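Notes follow the structure.
The values are calculated or read from the model by the stated rules, or taken from the named source; none is laboratory data. What you see is a predicted model; the values in this text were computed from it and never measured. Cβ atoms come from the backbone with ideal geometry, glycine included; neighbour counts cover every protein chain shown.
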Amino acid sequence: MLQQKCATFVAAVGLVAAVGCGQTDAGITTTVQTKMAADDTVKAYQIDVDTRNGVVTLKGDVDTMAAKTQAVRIARETDGVRDVIDQLQVTETAATGGVLEPENQPAEQEGRDAAGRLQEGARDLGNRVGDAANRAGAAVSDAAITSAVKAKFLADTTVRGLNIDVDTKAGVVVLNGTVSSRKEADRAVMLARNTEGVDHVVDNLKIVR
């Protein structure tokens with residue numbers, strides 16, 4: 001009986017260890033932040049993501065209820081996430097019926113402001129990914145490399161990051177997608193090559209004018 005209990009205990013410990021190694025909290029946080037930065041509905045630069053034991057906590061302000069719902073959905077559908085704690089606040093200033101006058105807030109200016117804020121948030125995400133890798137003091141994982149490269153693309157004014165797919169295996173980054181010029185392709189390759197942990201970059205980008 002004692003041997004059976006010991007065997008059961010060892011098996012349970014092994015199961016917990018296997019589950020815990022599947023996805024680290026830092027990896028989950030990085031993945032959620034990257035997915036939010038690439039999402040058109042969510043303003044990732046306003047959202048703080050914290051993960052502990054697979055439980056993701058979202059804090060900060062969003063502009064609309066749609067952004068709040070989308071942020072929670074993105075976090076909940078990320079691999080390794082056991083639960084999501086939603087502490088987001090909706091700070092929607094545009095009331096129904098149109099309080100903002102078109103001449104005071106042109107749509108074109110709003111678009112430029114939103115793009116600028118997205119780039120700033122993506123740049124900050126890239127810095128945090130690098131800092132996390134440095135604190136770990138270990139080899140950068142393929143998932144972390146992919147997230148860092150995507151964040152760099154989103155923060156760059158030359159590269160259209162949403163049109164480029166990034167895949168990393170054993171430190172080799174493969175870029176697929178479309179660009180508008182050779183200059184944009186070269187810039188994307190350079191950003192990927194200068195990312196920590198990258199050994200080689202395969203350029204499969206297609207130029208579509």
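Things worth noting here:
- Checked against (1) surrounded by 11 or more Cβ atoms within 10 Å (Cβ to Cβ); (2) modelled with pLDDT under 90; (3) within 30 Å of Thr168 (Cβ to Cβ); (4) under 18 Å from the mean Cα position of the chain (by Cα), Asp40 passes all but a single condition, namely (1).
- Any hit, the stretch 147-161, residues being in contact with an Asp or Glu (Cβ under 9 Å, 6 or more places away or on another chain), outside any loop (DSSP other than H, G, I, E, B) and either over 18 Å from Thr31 (Cβ atoms) or modelled with pLDDT under 65 (or both): no
- In the stretch 73-87, the residues that are crowded, with 17+ Cβ neighbours inside 10 Å and either without any contact (Cβ under 8 Å) to a residue 24 or more places away in the chain or assigned to a strand (DSSP E or B) (or both): Val84
- The number of residues in the stretch 43-61 being buried (at least 20 other Cβ atoms within 10 Å of the Cβ), over 18 Å from Leu154 (Cβ atoms) and aliphatic (A, V, I, L, M) comes to 2.
- Selected residue (criterion: nearest to Val201 (Cα to Cα)) from residues of the stretch 166-187 that are under 18 Å from the mean Cα position of the chain (by Cα) and either free of Cβ contacts under 8 Å to residues at least 12 places away in the same chain or buried (at least 21 other Cβ atoms within 10 Å of the Cβ) (or both): Val173
- The stretch 18-32 - residue that is of a type outside the set (Gly, Ala, Ser) and modelled with pLDDT under 85 and, of those, surrounded by the fewest Cβ atoms within 10 Å (Cβ to Cβ): Cys21
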